[in-house]
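These notes concern the structure reproduced below.
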Amino acid sequence: YSEEDNADDYLFKIVLIGDSAVGKSNLLARFARDEFYPNSKSTIGVEFQTQKMDFDGKEVKAQIWDTAGQERFRAVTSAYYRGAVGALVVYDISRRQTFESIGRWLNELHTHSDMNVVTILVGNKSDLKEAREVTTAEGKALAEAQGLFFMETSALDSSNVTAAFETVVKEIYNILS
Ligand code: GDP
Ligand code: MG
């Protein structure tokens, strides 16, 4: 019985935000199912996906929410953010415009959720080296100024995807345990 009890010990809601087409749905697909969609449309988004993780023998469930494309219409609702304890704020390193939107996403996050939500700034599509428009140093500097974790990822080649989600979940776990 105690094992069953442990299974429900921790459930963390984590939201993915950022401009359309930065790779949010593919980061989640890569993390939760090790899948990638080369020509994905917003339709592949699911409402949320639950992923089990282990920290010091404790089972933690990360419930990761995807916008399913509603950000295109600037209609990410307050329900989306409600109860979130973690956030991945994502831009595309090959499109500067998506980096310039980060401030707006952080404002929205802080309007709709707790100020203490554990947040990582994610520069996705690090595989697109030739097309890079935002340097690693710029991403790092913004993260430092805003007090965020920072990582560059690629949902395509998998680099840092698990690490980015784990950074958030581990920090939440450390704060709450
Ligand atoms: P979302 O709108 O933020 O959910 O973005 P999607 O996950 O739907 O991705 C938008 C497009 O970018 C799709 O064509 C993906 O295949 C592509 N994409 C996503 N992540 C990466 C990545 O890390 N590298 C590259 N090269 N393309 C990516
Ligand atoms: Mg999507």
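The numbers here are math on the coordinates, done by the rules we state, and not lab data. Values in this document were obtained by computation on a predicted structure and should not be read as measured data. Note that we place each Cβ from the backbone using ideal geometry, even for glycine, and neighbour counts take in every protein chain shown.
Normalised size of the range 52-177, defined as Cα radius of gyration per 2.2 N^0.38 Å with N residues, equals 1.06.
Within a 10 angstrom radius of the beta carbon, how do Asp114, Asp66, Asp19 rank from fewest other beta carbons to most?
Working: Asp114 12, Asp66 24, Asp19 20.
Exposure proxy ranking, most exposed first: Asp114, Asp19, Asp66.
What share of the DSSP beta bridges in the chain is antiparallel, in percent to the nearest 5?
Working: 8 of 29 bridges.
Looking only at bridges with both residues in the chain, the antiparallel portion is about 30 percent.
Applying the Karplus relation 6.51 cos²θ - 1.76 cosθ + 1.60 with θ = phi - 60° to the range 142-159 yields 3J(HN,Hα) values of 5, 4, 5, 4, 9, x, 10, 5, 9, 7, 9, 10, 9, 5, 6, 9, 6, 5 Hz, where x marks Gly and Pro.
What relative contact order, as a whole-number percentage, does the chain give when Cα pairs under 8 Å and 6 or more residues apart are counted?
Numbers: 313 pairs, mean separation 42.5, N = 177.
Reported as a whole number, the value is 24 percent.
Listing Val134, Val15 from fewest to most neighbouring C-beta atoms within 10 Å gives Val134, Val15. Among the lysines of the range 55-171, pairs at least eight places apart or on separate chains and with Cα atoms under 18 Å apart come to 4. By other beta-carbon atoms within 10 Å, ranking Lys58, Lys52, Lys24 with the fewest at the front produces Lys52, Lys58, Lys24.
Per residue of the chain, the DSSP helices (runs of n ≥ 4 H) give a summed -39500 (n - 2.57) that works out to -10000 deg cm²/dmol at 222 nm. Electrostatic bookkeeping for Lys170 treats Lys and Arg as +1 and Asp and Glu as -1; over the other residues with beta carbon under 12 Å from its beta carbon, the sum is -3.
Excluding Leu16 itself, what net charge comes from residues whose Cβ is under 9 Å from its Cβ, given Lys and Arg +1 and Asp and Glu -1? Summing Lys and Arg as +1 and Asp and Glu as -1 gives 0.
On a per residue basis, the convex hull of the C-alpha atoms belonging to the range 88-148 measures out at 67 Å³. Other residues with beta-carbon under 12 Å from the beta-carbon of Leu28 carry, at +1 per Lys or Arg and -1 per Asp or Glu, a net charge of -1. Cα centroid separation, the range 108-127 to the range 131-162: 12 Å.
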